[in-house]
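Below: one structure, written as structure tokens.
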Protein chains: 4
Amino acid sequence: MALTPEQIAEIEAQRANSAQTLRAVSPGMEGRLYTAHPVLDHGLIRVIDYMGDDEAICQAARVSYGKGTKAVSDDRGLIRYLMRHWHSTPFEMCEVKFHVKLPVFVARQWIRHRTANVNEYSARYSILDREFYIPSADQLAAQSKQNNQGRGEVLQGEEAARVLDLLREDAMRSYDHYEDMLTPDTDTGKLGLARELARMNLPANIYTQWYWKIDLHNLFHFLRLRADPHAQYEIRVYAETMCDIVKDWVPSAYEAFEDYRLGGVNLSGKAVEVLKRRLAGEDVTQETSGMSKGEWREFAGVWG
Amino acid sequence: MALTPEQIAEIEAQRANSAQTLRAVSPGMEGRLYTAHPVLDHGLIRVIDYMGDDEAICQAARVSYGKGTKAVSDDRGLIRYLMRHWHSTPFEMCEVKFHVKLPVFVARQWIRHRTANVNEYSARYSILDREFYIPSADQLAAQSKQNNQGRGEVLQGEEAARVLDLLREDAMRSYDHYEDMLTPDTDTGKLGLARELARMNLPANIYTQWYWKIDLHNLFHFLRLRADPHAQYEIRVYAETMCDIVKDWVPSAYEAFEDYRLGGVNLSGKAVEVLKRRLAGEDVTQETSGMSKGEWREFAGVWG
Amino acid sequence: MALTPEQIAEIEAQRANSAQTLRAVSPGMEGRLYTAHPVLDHGLIRVIDYMGDDEAICQAARVSYGKGTKAVSDDRGLIRYLMRHWHSTPFEMCEVKFHVKLPVFVARQWIRHRTANVNEYSARYSILDREFYIPSADQLAAQSKQNNQGRGEVLQGEEAARVLDLLREDAMRSYDHYEDMLTPDTDTGKLGLARELARMNLPANIYTQWYWKIDLHNLFHFLRLRADPHAQYEIRVYAETMCDIVKDWVPSAYEAFEDYRLGGVNLSGKAVEVLKRRLAGEDVTQETSGMSKGEWREFAGVWG
Amino acid sequence: MALTPEQIAEIEAQRANSAQTLRAVSPGMEGRLYTAHPVLDHGLIRVIDYMGDDEAICQAARVSYGKGTKAVSDDRGLIRYLMRHWHSTPFEMCEVKFHVKLPVFVARQWIRHRTANVNEYSARYSILDREFYIPSADQLAAQSKQNNQGRGEVLQGEEAARVLDLLREDAMRSYDHYEDMLTPDTDTGKLGLARELARMNLPANIYTQWYWKIDLHNLFHFLRLRADPHAQYEIRVYAETMCDIVKDWVPSAYEAFEDYRLGGVNLSGKAVEVLKRRLAGEDVTQETSGMSKGEWREFAGVWG
């Protein structure tokens, strides 16, 4: 990620500009505001604004007139109770707004989460920058043989070099032609293709940007799916950066999320039965479990 | 609206508790925070939190790194352009959280707007207060003869007195019985009915409370429908109070909303044709307009 | 539930009116269409329309041009896989529309699920019928002593009789006064209160009606919460009736839902550790579990 | 659009497979089901399923038990009333499911409408086909000089030829390299890049496919924005095809949509004042109108 001097100056100006407010303030989040957190080779995440903190979750749950006299330990307990019992509305009472720079193929996956507000940089209106995601050597993985939508071992030597060359060359050539098509020439009378058309030549690893705003409940849902080890690496690193940020913002809510969602496990009715039989000393196999092979493999992956 | 001394103290404590923030601050909204704005006889609206200001709308529209060097007048023009062309996503980038106390029959209408986050005081979990909406004399209106869902002239004399007596007496008696059913008695062994059942005896003019959070675009949509003269008076007064608050929060956005939505008019294709014919000097009647009688009546209501 | 002869005739007319279609047809659901399934004392659920079947879920998951040559057993396996891995979008491709008659206090809980389309009978526009929910004797429960939002033992004898009398009498009196306030009298010049005002006198056990349309994924979410033993009885019976209907509509999807959601268990990270220690032979207590007392009580409720 | 013989056979099999249903049937829509309507060079729209018809809109608005005895003309009048007064919930009671094949850059614009259900063909899981959108000669437009997000005159001669060559060659080369990176080679030990990575090399004019399901109210909102002359041509042709389909499905609702939305005009409060002054004989100019120059230009575009 290389910010221009102008962008750095704009970020510093925002961080220098403090004011008084009567609203709930999260000290951890104030430390994060505006700063560009690098992700992938040219991507970033910046917190632009936030609403609420751990206490605000509890106030909403109690529909209270003020902060009350509850201790922090009570709030932590209440938050764990709300998370455990899927009371989602108090978590919806916090909101966060990010500025994200990300490759288009990641953006396409990301946007499938519909419960957020999005304002994307428009390639119909503006010209995109010459910035493309090129995987680092350790992320250049082969197709998985077990999992149709996963990665296997890392490419090596010549094959790796060739892939990187192709990605780089195709990106550069496509961008050259994009620029070429766009640019009018008064000498020759060349007009310059409409931006809304020229953009179709750009590959999916070009970077785009958006403002993305979401409430805490729906953010947790996004993070549970995208910070999961089965999520594609290129979106997972964004989710992990957001996890770090949320931990600073609402420490108690994040702790509960980590315990009940990220680190939690969903058991089917069949799986509950198998575990109960095991706890009673029975030796259960896939054949006697009632599960399919695929299901048993996933179950055994957690429970042995 | 009668706040308890404890509630007043809690509100004052919140207004006394100022802190530094790097976020966008709206001076007009800081002046509104936490204060209870009275609505109807016992209702209220309080701003609990907000995110963003006029400038934040423009920053989101530009997906920018900083505040830029744009003048306020540029921002105002951009906001008007966005509103005029139904570019809704930048307005979604502002958010507000209200604490509202309102009669249940108003809450039932209000909740039909689904694009908001709600946390309501639970009558399953807690006991409601003895507070009921009783219309003031000038709002005690007869059924409209023209409009199936509207009001006509105001009731007078004995009829008005009788209606007010019935509403008051039924409310008090229902609440007495609610309390009676709920209260256990160790002497007699009386158990006390479950709160989730006892609540069914309470009429729709009892007050409830909720935290309600919504983005600015969807709030404008709510206000356009509910601050409209055809909306029921009892919800319109809440909408009007919110209009005053939003005007202080995002003055440019509110001005654009007022011009293009609240004070605007939607013309059908037929209505456009009629106006063009009139501008060309033709005398158009309902018969020659192609409109139905009902449509023509509404059209003539605006254009004569 | 007492339908009028007109309503019965209308339902029979709809069930008699068969036509040809090229769309996916679910035989189980055709058997349910239009028929009034009774719920509570005066409530009902009717299926008005549906879209899709088990096969349609699989076609959407495959984004296919046709039905393909997949066997039913393949479809069942795919549906289980999608459910297990929280791939929700294929389930969103089925839709169902219900006509529901339900007490207002149940409707207020129900409407908190926002991901549905609702069209409610308007008491602003029309006059409601004199129909109120009065609990049956076995549902007249005392407040739970352990659970703030639950029921304890059933009321008996005099207390039960008194509660039923109060509910019945207050409902009838409120309705008498509602009618009285509404009714104009040309002899005396009495005007009749506006319907939008008179309705405020009606208690929360009066019945309302709505058309409610939702996709299968969001319906499953609703059913998981509302068919749960902790849900209030008066909404749970509606959820259970819908479960029976959905089972007839999409048998494979319902089976997967029953195994992975209804009969499933969510384990926190802490709970996973405790179970692993138990499976390894350790005797874990609340003190050594890292769980709070409340959490341990819930854990022990499932696992002993 | 070139369908494979297998796809044609699948579509014909679906159209040959008629069954009885008790549900509302729209004859116009039955004629559309499954058939591939071509859009652009390789795109298509197919109706996969639908729920409801004009009558169903009215039944929902009336929350009725049956079809009632209302005449079609009454239904048409009610539908126009509902549309005119922004009563959106009855229109939400109809639903439609499309299969759409479209270029990725169109899909990216389309997906910004969040109130729909989407299931997209996964390039993480599967290999995309070698199909790219190449504009026809009459759509190869230059950047507009007035409108930052619009098109100007059509490119001619050599420039046009060069642009088409670049688009075609870059598409083919990118796809060659995509295939090359993907393909393992057991002889050389070449592994084959993961599909979730290789896809990043593909440009935005490659075709993707999805199932897209939406209710009628939200579809009308989509069509109003995307069938508008200011929408980009490549998405507008999809919207226009859907307009034709919806007209066959719900003729009365479409007629009302056409009159009040597509052919309608929104006037600001300022514009209402100007028109009233003009009707009163005054000669209003931009200077005396209170409008900005841009606003006046748009106003004069409609009203002269």
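Readers should treat all values here as calculations from the given coordinates under stated rules, not as data from a laboratory. Computed from a predicted model, the values in this text were never measured in an experiment. A quick note on method: Cβ atoms are made from the backbone with ideal geometry, for glycine too, and the neighbour counts reach across all protein chains shown.
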Binning every alpha carbon pair distance of chain C at 20 Å from zero, what are the percents per bin?
25, 48, 24, 3, 0
Average beta carbon contacts from partner chains per residue of A:93-102, 10 Å cutoff
4
Would you kindly compute the Cα radius of gyration of region B:128-174 and its largest Cα-Cα separation (Dmax), both in Å?
12.5, 38
Please enumerate, by chain and number, the aspartates and glutamates with C-alpha under 20 Å from the C-alpha of C:Lys293, excluding those fewer than 8 residues away in the same chain.
A:Asp74, A:Asp75, A:Glu255, A:Glu258, A:Asp259, C:Glu273, C:Glu282, C:Asp283
Return, for the Cα atoms of region D:135-204, the radius of gyration and Dmax in Å, separated by a comma.
18.0, 58
Can you tell which of D:Ala16, D:Ala253, D:Ala36 shows the greatest fluctuation in a Gaussian network model of chain D with Cα springs below 10 Å?
D:Ala16
Along the charge dipole of chain B, pointing to its positive end and built from +1/-1 on Cβ of Lys, Arg, Asp and Glu, which listed residue (B:Ala198, B:Gly290, B:Met83) has its Cα farthest out?
B:Gly290
What shape does region A:84-156 have by the C-alpha gyration tensor, where a ≥ b ≥ c are the square roots of the eigenvalues, rounded means a/c under 1.5, and otherwise prolate means a/b greater than b/c and oblate the rest?
oblate
Report, as an integer, the average count of C-beta atoms from other chains found within 10 Å of each Cβ along A:201-212.
5
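Quote the charge dipole size of region D:135-204 about the Cα centre in Debye, to the nearest 20; the model charges only the Cβ of Lys and Arg (+1) and of Asp and Glu (-1). Show your work: numbers first, answer last.
Details: 8 positive and 13 negative charges, 68 e Å.
Roughly 320 debye for region D:135-204.
Once you have the Cα-Cα distance between A:Glu255 and A:Ala161, take 0.36 nm times their residue separation minus that, and quote the gain in nm to one decimal. Don't skip to the answer; put the middle values down first.
Details: separation 94, 0.36 × 94 = 33.84 nm, distance 4.22 nm.
29.6 nm is the gain from fully extending A:Glu255 to A:Ala161.
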Could you pull out every one of the aspartates and glutamates with an alpha carbon less than 12 Å from that of A:Lys145, ignoring same-chain neighbours closer than 8 positions?
A:Glu153
Along its principal axes, what span do the Cα atoms of region C:32-150 show, with the longest given first and each in whole Å?
54, 43, 24
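Against the 2.2 N^0.38 Å scaling, with N counting residues, where does region A:196-304 land? I'd like the Cα-based Rg ratio to two decimal places. Mind showing how you got there, number by number?
Details: Rg = 20.0 Å, N = 109, 2.2 N^0.38 = 13.1 Å.
Taking N as the residue count of region A:196-304, the ratio is 1.53.
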For a bin width of 5 Å, list the pair-distance distribution of region C:98-251 built from all Cα-Cα distances, rounded to whole %.
2, 8, 14, 17, 16, 14, 13, 9, 4, 2, 1, 0, 0
Computed FRET efficiency, Cβ-Cβ of C:Val72 and C:Asp228, R0 25 Å: what is it to the nearest 0.05?
0.25
Counting partner chain Cβ atoms within 10 Å of every residue's Cβ in C:106-118, what's the average?
4
With r defined as the distance between the Cβ atoms of B:Asp41 and C:Gln149 and R0 fixed at 22 Å, what FRET efficiency is calculated, to the nearest 0.05?
0.15
Long-range HN-HN contacts of C:Lys190 with modeled amide H, under 5 Å:
C:Asp185
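Considering Cα pairs under 8 angstrom that are at least six residues apart, work out the relative contact order of region D:135-204 and quote it in whole percent. Before the final figure, lay out each step's value.
Working: 55 pairs, mean separation 14.6, N = 70.
Reported relative contact order: 21 percent.
What pairs in C:Lys247/D:Lys247; A:Lys213/C:Lys270; A:Lys67/A:Lys247 have C-alpha atoms more than 27 Å from each other?
On the way: C:Lys247/D:Lys247 35 Å; A:Lys213/C:Lys270 31 Å; A:Lys67/A:Lys247 22 Å.
Violating the 27 Å limit, Cα to Cα: C:Lys247/D:Lys247; A:Lys213/C:Lys270.
Can you tell me the FRET efficiency between A:Gln20 and B:Gln7 if r is taken as the Cβ-Cβ distance and R0 is 25 Å, rounded to the nearest 0.05?
0.55
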Largest first, please: the extent of the C-alpha atoms of the protein assembly as shown along each principal axis, to the nearest Å.
95, 90, 70
Can you give me the angle between helix B:269-279 and the longest principal axis of chain B, using Cα atoms only, in degrees from 0 to 90, rounded to the nearest 10?
50 degrees
In deg cm²/dmol and to the nearest 500, what is the mean residue ellipticity at 222 nm of chain C if only DSSP H runs of at least 4 residues count, each as -39500 (n - 2.57), divided by the residue total?
-13500 deg cm²/dmol
Report the relative contact order of chain A, percent, no decimals, based on alpha-carbon pairs under 8 angstrom and at least 6 residues apart.
22 percent
For chain A, set up a Gaussian network in which alpha carbons nearer than 10 Å are linked by springs, and say which option among A:Val39, A:Val272, A:Val63 fluctuates the most.
A:Val272
Checking D:Tyr34, D:Tyr65, D:Tyr121 against a Gaussian network model of chain D (alpha-carbon springs below 10 Å), the top fluctuating residue turns out to be D:Tyr65
